[in-house]
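The structure appears right after this line, and notes come after that.
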Amino acid sequence: MARLATSMAVAAGLAVSAVAQTPRFTPVSLGTSNSKGTGVAALPDGSKVYITSDDGTLVIADGATGDFSKMTQPGASCKTVASISPDGQEVLYTYETATNSVIQAYSVSDDSATWSYTVAGGKLAGAPKYSEDSMKVYFTWNDSEGHFSVLTIAGDGMSASETFAKSLTDLSVGGPKGVNATLIDTDLGFTGVDVSYEPMRNTEEEDDDGEGTGEYYLKEGGNYRFGEDNGNDLVVFAHLPKGSPLDPNYPTSYAFSHYYAYQAGLSGPGEVSSLGTTTWASIRPPILSKNGVRMAVAAQRGNVRAWTENELISQGANIKVNIKQQQRTNAEPSYSTPSFNADDSKIFVASNKNALYGIDATEPTLGKGDQDEFYLPYLWETLTDSLVEAGTVATQDYVYAITSNGVAHKLGVSDGIDEWAGQAKLDQLFVQADFTISDGKMYFVTTQGLLHGWTVETVPTMAPTPFPTLAPVVPTEEPTSAPITAEPTSAPITAEPTGKPIEETASPTISMSSAPSTTKMMTQTTTTEKTMAPDVTTPMVPDVTTPMAPEETTTTTTTAAAAAATTTTVDAVVGGLEEDASPASKLSMGLAVVLGALALAVL
């Protein structure tokens with residue numbers, strides 16, 4: 001796989017669209033100046049938004065107005081984002097006291113508290129995640145070592161109990177193959193978890209050459225032995241170095257480190273398995289593709305490691321990227337969680353320095369001996385003017401990121417070109433917390449505790465046609481006299497809107513900034529505008545500033561326009577006959593016009 005030399009494009013010099021984010025409400029102050037937001041989650045339709053803050057408060061806000069209520073925990077702190085159950089019935093968040101950590105769940109319907117679970121003497125690592133059936137919760141926590149636990153929620157939804165647990169000691173002594181016993185003597189804990197609800201494992205036999213007879217299979221030589229025949233949730237986590245990455249003594253590498261998988265057995269609690277031994281660790285959890293066959297992790301010393309389909313169960317990652325903007329003289333962990341786009345074909349990650357990267361998730365990177373001077377292990381690199389600490393969020397066509405100094409970016413997933421061109425800037429505001437996008441709406445919170453809601457994409461209600469129509473059909477007004485009807489000679493031409501109306505706001509709060517972002521692309525040429533024929537099977541996300549054309553097929557475009565014009569003429573003629581003509585004349589002339597319009601439409 002040969003890759004081409006990169007070309008340089010400065011976003012400020014490109015013909016980009018205008019800033020296309022529409023504020024949904026005036027930014028809302030969530031609390032006192034000494035509390036800052038630590039994460040944002042939202043229901044799939046964006047109707048409710050959940051914001052956590054470092055003073056232990058959970059804020060529940062209306063996604064359309066920003067109106068909110070608070071659930072406070074005096075004397076506590078919160079470091080993770082809230083989690084919403086897949087069935088949409090429950091939300092949980094975590095907070096820490098001086099001695100314990102607590103997982104607290106609330107009902108989505110009425111915001112009432114349902115159940116809570118206390119982790120005695122431990123600190124939670126990352127946000128807990130629900131199981132696909134919303135009846136279990138997976139999480140990791142650390143004290144003197146790392147722990148992985150599974151909670152099972154009672155049938156009445158009012159309590160939860162631990163039903164599975166493994167510690168680092170359990171895994172190092174008599175645990176999965178390859179886990180080194182010396183790990184219990186090192187300063188390692190566990191990262192947070194990620195979950196795939198649809199892990200795809202083929203149940204067919206391998207052929208004579210050892211290859212799978214289906215799309216997914218259990219490969220010989222790998223450590224993962226629980227996937228075959230098993231469609232239960234797949235959970236992954238990795239080793240976390242304790243302490244602060246800002247500490248000059250923060251470790252840069254390890255003799256032994258591991259990444260792990262958990263999957264409940266077909267008829268039992270299952271087991272934790274080591275997926276491989278590494279020399280690195282991560283301060284952010286690994287992420288899984290939705291079907292559980294790809295994984296990515298941003299690790300120490302500017303490393304990104306990822307696994308293409310079926311390689312997750314082998315020893316080593318087959319995608320290895322050293323982020324160029326990152327220095328390798330220190331630990332240099334990435335502060336931002338990676339993300340997959342909607343079809344899991346690309347990975348996006350921010351470096352410890354000021355840059356964002358797009359990586360092909362379907363192709364392994366070349367070995368050192370196969371690389372030439374033009375080889376790049378990533379699709380594109382976009383430079384920013386500040387560090388990205390909040391995680392990236394990707395849709396099918398765009399990846400979004402917010403720098404710590406409050407500049408939001410909307411990058412094309414294939415080329416990394418910023419459609420907002422560095423113009424979406426929040427004056428004197430800073431963003432470090434993970435944000436979310438739901439139903440085309442982006443919600444984020446600043447370190448000053450201000451909640452923002454923007455409409456950034458218009459989500460179509462049905463798939464658009466490959467090409468826009470010339471003109472929409474204009475509906476006729478109801479006639480003031482008896483309507484004139486004629487039997488059509490062909491199917492009538494109809495059109496239905498394909499997008500939601502754009503919500504308006506009174507006063508945008510975004511200032512314009514000239515700070516450009518720079519994009520390196522894998523291709524040799526750079527275009528000033530992106531024009532891409534949309535896939536008819538994949539809805540194209542239109543710009544929120546441009547109303548979508550109604551759906552029409554390409555073969556009826558001209559006749560639709562003609563029919564629209566003729567329909568207007570019919571209304572005018574029939575209306576004009578009312579005063580001067582007899583009923584018989586009205587009928588004759590109106591019928592002639594209608595038949596002429598139908599004949600034109602057929603032609």
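The values are calculated or read from the model by the stated rules, or taken from the named source; none is laboratory data. Because the structure is predicted, anything quoted here is derived from the model rather than measured. Here the Cβ positions follow ideal geometry from the backbone for every residue, glycine too, while neighbour counts run over all protein chains shown. Surface areas here come from the heavy atoms of the whole protein model, side chains and all, with no ligands, DNA or RNA. Shrake-Rupley method; radii C 1.70, N 1.55, O 1.52, S 1.80 Å.
Electrostatic bookkeeping for residue 130 treats Lys and Arg as +1 and Asp and Glu as -1; over the other residues with beta carbon under 14 Å from its beta carbon, the sum is -4. In region 79-182, the portion of solvent-accessible area held by carbon and sulfur atoms comes to 51 percent [1.4 Å probe, whole percent, DNA, RNA and ligands not counted].
Within the shell defined by Cβ-Cβ distances under 13 Å, the residues around residue 187 carry a net charge of -3, with Lys and Arg each +1 and Asp and Glu each -1.
Estimated at 0.36 nm per residue, the fully extended path between residue 342 and residue 385 surpasses their Cα-Cα distance by 12.8 nm. For the pair residue 133 and residue 363 in one chain, pulling the backbone fully straight at 0.36 nm per residue adds 79.5 nm over the alpha carbon distance. Residues whose amide H comes within less than 5 Å of that of residue 394, counting only those at least five positions distant or on another chain, are 400 (H built at 1.01 Å from N in the peptide plane). Length gained on full extension, residue 120 to residue 187, computed as 0.36 nm times the residue gap minus the Cα-Cα distance: 22.1 nm. Normalised per residue, the accessible area of region 45-163 is 38 Å², obtained with a 1.4 Å probe and no contribution from ligands, DNA or RNA.
Which entries in the list 242/290; 242/425; 123/166; 36/346; 36/425; 36/166 go over 24 Å, if you measure between the two C-alpha atoms of each? Beyond 24 Å: 242/290; 242/425; 36/346; 36/166.
Seen from residue 44, the other residues with C-beta closer than 12 Å to its C-beta sum to a net charge of -1, counting Lys and Arg as +1 and Asp and Glu as -1. At 7 Å along Cα-to-Cβ for each site, give me the label-to-label distance between residue 89 and residue 374 in nm. A separation of 5.8 nm, rounded to one decimal place. Treating r as the C-beta distance of residue 111 and residue 165 and R0 as 22 Å, the FRET efficiency rounds to 0.10.
Spacing of the modelled spin labels on residue 266 and residue 279, each 7 Å from Cα toward Cβ, amounts to 4.0 nm. Do any trypsin sites (Lys or Arg not before Pro) in region 85-186 lie in a loop, going by DSSP, with at most 16 other beta-carbon atoms within 10 Å of their beta carbon, and if so which? Counting only loop positions with at most 16 other Cβ atoms within 10 Å, the trypsin sites (Lys or Arg not before Pro) in region 85-186 are 177.
Between the amide H of residue 258 and those of 239, 278, distances stay under 5 Å, these residues lying 5 or more places away or on another chain, with hydrogens modeled in the peptide plane.
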